[in-house]
Amino acid sequence: MAMKAAAPIGWLAAALTGAEAAAVDLPPPSPTPAAVGDQRLVFSTNGSTLTGGSGGGGASAAWVGSVGPDAVLGAGAEYQQIANAHWTTGSFTGSMGFGGGRTHLYVDAHEGAGDVGDHAFHYSVASLGLLGLLTPELTLQLEERYIDIDKSHGSLPKLGLTYRVTLELSASVSYAKSFRGNLGTRLVTGRIDYTGVSFNAMAGLAGGAPRGFRRHRQDLRPQRLAAARRLPGRQRNQAHQHHRELHGSPARTGPGAMTELGPFSRWLPATLVAAVVLLGGGRLIALSMRDHAAQMRAAAQSAVARESRLVEAQLLTLADRTREEARRASRAARAPAPSPSSSPAPGAAPGRGAFWMTAGGTVVRAGDADTAVSRALAAEWAVAGAGARGAAGFFGPVRYGAQWMIAAYAALEGRPATAAAAAPAWAVGYESLDSLLVRAGFGRLASEGYDFQITQIDPLTHRVRELFGSRPDVPADAVSGAIRAGAALSPPSASAYLGLAMWPRSGWYPVLDLATKTGLLLLLGWTFVFGAHELTASVRRTQGALAQVRKRLHAVNERLFNEMEQHQALQKSLEHARYHDPFTGLPNRRYLMDQLDRALREVRTRRRQRIAVVLIEIDRFKLINDTLGHTAGDELMLQASQRFARAVEGMQCVLSHWEGGQLALLLYEVESPEAAQALAAKLLSVRQEPFTLRQQRISVASRIGLTCIDSGLQRVEEALREADIALSFAKRQPAQPIVAYTPGMGGAAVSLVSLEADLHVALDRRQFRLLFQPIVDLRGKRVVGAESLLRWQHPVEGVLTPEKFLPIAEEAGVIVPVTRWVIQRVCRLAAEWRQRLPQAIDFYLSVNLSAASLRDPGLREYVAQVLQETHTSPRQLKFELTEVGLISNVSAARELLNGFHSMGIELMLDDFGTGYSSLSYLQLFPFSYVKIDRPLLTWTGSERSNNAITSAILQMTSNLGLRAVAEVVETQAAAQALQRMGCDFGQGYFFCEPVEAEEALHQVRTYNGPPAVVPVLRPASGQGGGTEVAGDHSPTVVLPPEDGGINDDTVGLPGLSPRAGKSPRGT
């Protein structure tokens, strides 16, 4: 069994050649090939010395390829010849290697078959090994193998050492000794491996040394660079060599790598696969058939021995029966002769299938009625010669007709020597060969699939006689056996009586089995060939697609690089846009607030002594946007910011665009509040020179609000709120464009917030009421109408005039519902008055419309609905509008006023002679009345200029077909002068002060001239009653300009008096 175990061991030394060559990844510049280089073929030759001096050798071929960064797969075939034992073995193997760095673990499975002469066997080997790198050229191998060969099995550990001579050539030596099991062998093996053929399992044989080897020979510098790119602690390249096609390897890229060998290269992999499969499969089929034949021969030999024993048993039975006949004949011979008249005594005649004969071969008595068989056998006896026979034995077989008769003879016991010659001397028993074989169960051979033949060597001619068989021809390789009758002979004989030859009916090598295995091999070979060819074509297509992918990848990389640069530029642009104004390039609100927060922290930590926040607003900025366009407004801000930046050049500050027409300046180091105001004055001076906008030179005014901070306790919002409050005060004082914040200003702002909150609920709580001031016909001395004046009965502040709350109402968004309430209330009063007044008395009530009211999209429909619901004639309702309200949106106001005019509602242009006093409005809009504001406010008998201006205005309105209403008429001289100038109507305290609705109705019904005493003293602000507050020289209330800014008359502050002239108007 030790020799049996040696058969596959010689190849095991080379089984993992490819795995070693591919699994060992050495750091460059070692000559060892890379672990994940090209897939390759490894050819090996080896020699072995076994236990007892037996020697052998063989060769193997293995394919090795990488299946991952740290995994190698191998498959191979080998052939071995053990000379002394004349063993021949062939096998297939598969191996897998794992690991990285300097150690690698591998597993191996080995299946094979062999034969020793006529004996065939199968063997299996399973291995687990470890490869360790000692030096770049020297590798140590430790392997544990378990071998199973027929009935032998055991462990065979191995210790090996491999030296790599060149990149392609390596030599190995190993020693193995069996432990455990019954192998009982030791093995010394030497092996030489050649790994110079690159082979791709899908692409086929490429020819020559692996590309990785050639490139390594040409230049070691790239490998040194590759070693620098290895990941820490892994000794592996980040860009794996099995992906070198993706990383710009110039060796072979694209489809051209597969077309170098022409059409032959496409079929080379399939041809190699077919050769390997057919050769290996044919060898395995041959070994398998030989093993099968050996098994069938052993079974046939067993069947021959079995059948021979059964036939010998039947011959022994025949011999025993013959001896019994001899004893019966002896008894019959010693008995007295019977009388002729008496019947024979029992046992005096032979039994069936037997007869007695004399020594000369004459039949004395036969047991069968037909004595022909007995005579034929006796004749054969005589011919064969009786003198040479023993006391018992067999003769024949004798052919009788179509049968062979087997006869056994036995001498009579106790026969006297003086017996007559005719007396019986031998007893013979006989039986046909067919019946004997039937009793022996010889028919089972046919059912077992065997053919057979029974023969005998003729004792006279010594030629073989064919006695019985299933086929006449006996193959030369039939299994033979002897049927002996020695136990029945006296004396016993060792020679064979009959011969038995046996062979399978289908032969030792069944054609059907051979055809099946051959067909399966061909089918398997065709499958592999077809698969290899398809894989080759697929790889070619894949390589072509890979080349296109590489091109696209290169293009994508370039595009990605460009996009990354654009992204970085966009990121910087967005970062700049986040903190800077897009047009002026100045820092924006966000940046200023961040810097202000940082500055406040520095003030709190005493790293700065004092900072200042300055808000600068350009007057009439919205008007410039609306008239010249927003582009002109942006250009104005750009030029203003450039001037301000030059003014603060050299100072530690931040100039930013706050919002709209406002700029903000953060000063980091301010010596005193006076220094901050001095800088603000410098900023005002730089804007005195006109700005050039669209070929026009425009002078603008500015307002500045500032606050100084030295405590650092304020938050950013509080600091900005203080500067904003100061700016609001600056906008309400034309003579003081620079205002520094003082603590008292915060209370007024809080009061405004509280007033705004109360304003939202004033309409629901019915806190608004209307007063009416009559309009008098200067010629007819009668009241023709009245102007409605709004008052707010505040629960805490008392009666508030419109200039105190209407600007807040516009900012809070409640001006539209307040206006609608006034229109509805006036229409109801007009309807009521119409019923209470005689039909001969005609009158009207006028309502002031602010600029915000003109932007109400549903105002016209609402007025029509109220007129219809209250049954009020449109002639009894008039609307008063100021030039400021019309300027904000000329097109929308024109459309709305044309609608009112078409309804029959007459319109009045209020405050004509102040503000812009553009004559174009008299032509653009359908006005019927013009109200002259304060015509003779400074009237004296010597001031002829006022007289001339008023007269000119009246003459112009008359020429345009308009009627004039003079406001603020407070003296009789003024009324008489207006009448002489041709003024139609007058309104003022000279005629009547603002009164309640009932008193106004009474004036309409009974007015007969002004009172004897004209009131000149008016109650202070906040008092109720029908009189006006100080400074309210007209019953008309005008809203502030469109920009919603807070003017002087909006908030009554200590120390501030309303500006001279008529106060602003509103609803």
Quick shape check on the range 582-742: root eigenvalues a ≥ b ≥ c of the Cα gyration tensor, a/c under 1.5 is rounded, otherwise prolate if a/b tops b/c, else oblate, and it reads prolate
If each residue of separation counts as 0.36 nm, what is the full-extension length gain between Ser891 and Val107 once their alpha-carbon separation is subtracted? 272.9 nm
Can you give the FRET efficiency to the nearest 0.05 for Ala335 and Gln295, using r as the Cβ-Cβ distance and R₀ = 56 Å? 0.35
Place the peptides 432-438, 458-464 in order of packing, highest mean first, counting for every residue the other Cβ atoms within 10 Å and averaging per peptide. 432-438, 458-464
Past 27 Å, Cα to Cα: identify those pairs from Lys572/Lys682; Lys682/Lys731; Lys572/Lys731, in the order given. Lys572/Lys682; Lys572/Lys731
Taking R0 as 45 Å, what FRET efficiency do you get between Arg559 and Ala71 from their Cβ-Cβ distance, rounded to the nearest 0.05? 0.80
State, to one decimal in nm, how far the label point of Ser538 lies from the label point of Asn1008, with both points 7 Å from Cα in the Cβ direction. 12.2
Segment Ala577-Ser928, extension gain: residue separation times 0.36 nm, minus the distance between their alpha carbons: 121.0 nm
Given 448-456, 278-286, the highest-first ranking by average Cβ count within 10 Å works out to 448-456, 278-286
Leaving out same-chain residues fewer than 8 places away, which lysines sit with a Cα under 23 Å from that of Lys177? Lys4, Lys151, Lys158
Please give the contour-minus-distance gain from Arg697 to Asp370: 0.36 nm per residue of separation, less the Cα-Cα distance, rounded to one decimal in nm. 101.1 nm
Using a Cα-Cα cut-off of under 13 Å, which aspartates and glutamates could be cross-linked to Lys551, ignoring same-chain neighbours fewer than 8 residues away? Glu245
Assigning unit charges at the beta carbon (Lys, Arg +1; Asp, Glu -1) and nothing else, what dipole magnitude in debye, to the nearest 20, does the range 582-742 show about its Cα centre? 40
Please go through the residue pairs Lys781/Lys931; Lys878/Lys931; Lys804/Lys878; Lys622/Lys878 and name each one whose alpha carbons sit more than 20 Å apart in this structure. Lys804/Lys878; Lys622/Lys878
How many nm separate the modelled label positions at Thr271 and Lys781, each set 7 Å beyond the Cα in the direction of the Cβ? 14.0
How would you rank 75-82, 923-930, 548-555, highest first, on the average number of other Cβ atoms within 10 Å across their residues? 75-82, 923-930, 548-555
Amide H to amide H, which residues 5 or more places from Asp368 or on other chains are under 5 Å from it, using H placed in the peptide plane? Gly353, Ala354
In whole Hz, the Karplus estimates of ³J(HN,Hα) for the range 186-195 (6.51, -1.76, 1.60; θ = phi - 60°; x where Gly or Pro) are 9, 9, 10, 10, x, 9, 10, 10, 10, 10
Amide H neighbours of Glu413 under 5 Å, at least 5 residues apart or on other chains, H built in the peptide plane: list them. Ser330
Karplus-derived 3J(HN,Hα) from phi for the range 717-729 (6.51 cos²θ - 1.76 cosθ + 1.60, θ = phi - 60°), whole Hz, x at Gly and Pro, runs 4, 5, 5, 5, 5, 4, 5, 5, 5, 4, 5, 4, 5
Inter-probe distance in nm under a simple model that places probes 7 Å from Cα toward Cβ, at Gln566 and Met956: 6.1
Per-selection metrics, the range 770-1006 (Cα): Rg and Dmax in Å: 17.6, 53
Distant-in-sequence amide H partners of Arg610 (H built 1.01 Å from N, under 5 Å): Val670
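Rule-based calculations on the coordinates, nothing more; no lab input. Since the structure is predicted, the reported quantities are computational estimates derived from the model, not experimental observations. Methodologically, a virtual Cβ is constructed for each residue, glycine included, from the backbone with ideal geometry; neighbour enumeration extends over all protein chains shown.
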